[in-house]
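**Student:** What follows is a structure written as structure tokens; I'll ask about it next.
The values are calculated or read from the model by the stated rules, or taken from the named source; none is laboratory data. If you're wondering where the values come from, they're calculated on a predicted model, not measured in any experiment. Note that each Cβ is placed from the backbone with ideal geometry, even for glycine, and that neighbours are counted across all protein chains shown. Keep in mind that these areas ignore ligands, DNA and RNA; they rest on the heavy atoms of the full protein, side chains included. Shrake-Rupley method; radii C 1.70, N 1.55, O 1.52, S 1.80 Å.
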Amino acid sequence: RRDRDPAVPFPLSMPAPSQLALAACAVLASAWSPPAEVESAAMVSHWAVLVAGSSGYGNYRHQSDVCHAYQIMIANGMDPAKVIVMAVDDIADYASNPFPGKVFNKPTDAGDPGFDVYDGCVIDYSGADVTPETFTKVLSGDAAGLNGGKVLGSTKSDRVFINFVDHGGVNLIGFPRSTMHATELVALLQDMSAASMFKELVFYLEACESGSMFSALPDDIRVYATSASNAHESSWGTYCMPEDTVDGQNIGSCLGDLYSVSWMEDSDNRNPGETLEEQMDTVINLTTKSHVTLFGDQSIAAEPITSFEGAGTEVALQTPPPPRGTDAQRAASIRSEDAALTSAFYRFLHDTDHLAADELIAGVQQRQLARRRFDAIARALTGSGLGALPPRAAPVDDACHYAAHKAYVGSCGEWHEMALAFSSTLADLCEQQGGRTEALVGAIAAACA
């Protein structure tokens, strides 16, 4: 081998070794492209829509749940610009709150200040803006319809997580002044799929009879949904009186909902590689008062929870997670449909809270009004009252129920949260009438005349 004399330059026509190397790199760079799965992962965005659909201090737990969910999304690396929160936002500064400006989702003993989930919880739509119409426009990406407000900007490459927490009834979920029917919710999800607004969507729903909301959900639109209860039962508030203490002081309302705190406390623990299926196994074991139900595309359950409850990557814990609530604390649970009345009664007895007295009286009056109305509707169609109406044996006739729901709103006004449990009566009467709506609609109109 003969070395080149360094004093002799390369001929002008021959490129130097460094030039050859650069040229080779350029050729390789132009010819190489990343594997499809790598390129696809780099393009994925993660979005979340979190909704508390109620108002009033007796429903403290709903806004507490949603702000806790917000903290989880942000702690797991999700871009705050891609987390959309709807909540009336009347709890933190409610006169009955012993910790003004703070909201808690878990009890603590005296000496432990607890974790304020309201701190840093950015609420995008509050007060009168918490409506089915706003919810629909957010999920449809209709910023113009919300005067430029924050909406989903997701694409066919993205993953979307929806967490809705509120009262419900058969085929209904509540908002402060109105409701959304299962027919409308499933149609909305189908429209989102047709518009390529997600690669996969996960929906966690906390409400009474929430299993009824997804009975018609297709399994081929890449949506996986779970509900706190089946179509025939209440969901449950938890960390209720007398276990509603923070730093040893009673809040006077349930701090959370059993299904919701079960999945969120599991997420707080950050089990590496945990999948949605594994999380739901945990939630099912912990939600002992109702039957957690699964719907839609079950293959999505194999995905890690961080693909939906975060930015898709594991984030190291900065501090140890707070311990999960004790069995005794979780045992202090109340049927969701009774939680607001129980809160008002408790605060009235223990704190002589005049607001609680007003809430209690109004709540009892609304429940009694609903009972009389639906007893009259059942009596007009069957000759007997509610007590003699047999429960339905078949799945809900969605078309009949939707027509009856619309007739109720048109004749009686929007559903009050104390009336939502009687949505099941409409489902039972639809079956009793063989799906025919004429007599049912007439009975509803007469009962509310």
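**Student:** In whole Hz, what ³J(HN,Hα) sequence does segment 433-449 give by Karplus (6.51, -1.76, 1.60; θ = phi - 60°), x for Gly and Pro?
**Tutor:** Couplings: 8, x, x, 7, 10, 4, 5, 5, 4, x, 5, 5, 4, 5, 5, 10, 5 Hz.
**Student:** Follow-up. Obtain the nm distance between the two label points defined at A393 and R177 by a simple spin-label model: each point lies 7 Å from its Cα along the Cα-to-C-beta direction.
**Tutor:** For the pair A393/R177, the computed spacing is 4.4 nm.
**Student:** Hey, another quick one. How many percent of the accessible area of segment 170-317 is carbon or sulfur, using a 1.4 Å probe?
**Tutor:** 47 percent
**Student:** Right, here's the next one. Hey, rough spin-label estimate for L355 and E414, points 7 angstrom out along Cα→Cβ, what's it come to in nanometres?
**Tutor:** Modelled inter-label distance: 2.0 nm.
**Student:** For the chain, which longest stretch is free of loop sites, where a loop site is one of the trypsin sites (Lys or Arg not before Pro) that DSSP puts outside H, G, I, E and B and that has at most 10 other Cβ atoms within 10 Å?
**Tutor:** Value returned for the longest uninterrupted segment is 5-449.
**Student:** How high is the relative contact order of the chain, in percent, counting Cα pairs under 8 Å that sit 6 or more residues apart?
**Tutor:** Rounded, it is 16 percent for the chain.
**Student:** What does DSSP give for the chain in terms of the percent of beta bridges that are antiparallel, rounded to the nearest 5?
**Tutor:** If I count the DSSP bridges inside the chain, around 40 percent turn out antiparallel.
**Student:** Can you list which of the GluC sites (Glu not before Pro) found in segment 342-421 are DSSP loop residues with at most 15 other C-beta atoms within 10 Å?
**Tutor:** E414
**Student:** May I ask you to evaluate 6.51 cos²θ - 1.76 cosθ + 1.60, the Karplus curve with θ = phi - 60°, for each residue of segment 357-371 and list the ³J(HN,Hα) values in order in whole Hz, giving x for glycine and proline?
**Tutor:** Couplings: 4, 5, 5, 5, 4, 5, x, 5, 4, 5, 5, 5, 4, 4, 4 Hz.
**Student:** How far is helix 60-75 tilted off the main Cα axis of the chain, in degrees rounded to 10, range 0 to 90?
**Tutor:** 0 degrees
**Student:** For each pair in K106/K289; K137/K406; K150/K289; K150/K199, compute the distance between the two Cα atoms and list the pairs where it is over 29 Å.
**Tutor:** K150/K289
**Student:** While we're here: If you roll a 1.4 Å probe over segment 340-406 with all protein chains in place, what percent of the accessible area is carbon or sulfur?
**Tutor:** Result for segment 340-406: 60 percent of the exposed heavy-atom area is carbon or sulfur.
**Student:** Does anyone have the angle between helix 182-194 and the longest principal axis of the chain? Alpha-carbon axes, 0 to 90°, nearest 10?
**Tutor:** Rounded to the nearest ten degrees, it is 10.
**Student:** Same structure, new question: Taking amide H atoms as placed 1.01 Å from N in the peptide plane, list the residues 5 or more away in sequence, or in a different chain, whose amide H sits under 5 Å from that of V85.
**Tutor:** Placed amide hydrogens put L50, D124, Y125 under 5 Å from V85.
**Student:** So between L188 and A144, what do we pick up on full extension, going 0.36 nm a residue minus the alpha carbon distance?
**Tutor:** Result for the pair: 14.1 nm of gain on full extension.
**Student:** Could you give the length gained by full extension between D119 and D281, i.e. 0.36 nm per residue of separation minus their alpha carbon distance, to one decimal place?
**Tutor:** Contour length minus Cα-Cα distance gives 55.3 nm.
**Student:** Using 0.36 nm per residue, how much length does the chain from H232 to R379 gain when fully extended, once their Cα-Cα distance is taken away?
**Tutor:** Working it through step by step, the gained length comes to 50.7 nm.
**Student:** Identify all aspartates and glutamates with a Cα-Cα distance to K82 below 14 Å; exclude those on the same chain that are fewer than 8 residues away in sequence.
**Tutor:** Reachable aspartates and glutamates: D124, D158, E309.
**Student:** Accessible area per residue of segment 214-373 at 1.4 Å probe, in Å²?
**Tutor:** Here the per-residue accessible area is 43 Å².
**Student:** Report ³J(HN,Hα) in whole Hz for each residue of segment 77-91, in order, from the Karplus equation J = 6.51 cos²θ - 1.76 cosθ + 1.60 where θ = phi - 60°; Gly and Pro get x.
**Tutor:** Taking θ as phi minus 60°, the curve returns x, 6, 5, x, 5, 10, 10, 10, 10, 10, 7, 4, 6, 10, 8 Hz for segment 77-91.
**Student:** How about segment 248-313: which chymotrypsin sites (Phe, Trp or Tyr not before Pro) there lie in a loop by DSSP and see at most 15 other Cβ atoms within 10 Å?
**Tutor:** Passing sites in segment 248-313 do not exist.
**Student:** To continue, here is another question. Tell me the mean residue ellipticity at 222 nm calculated for the chain from its helices only (DSSP H runs of n ≥ 4, each -39500 (n - 2.57), averaged over every residue, nearest 500).
**Tutor:** Estimated from H runs of four or more residues: -12000 deg cm²/dmol.
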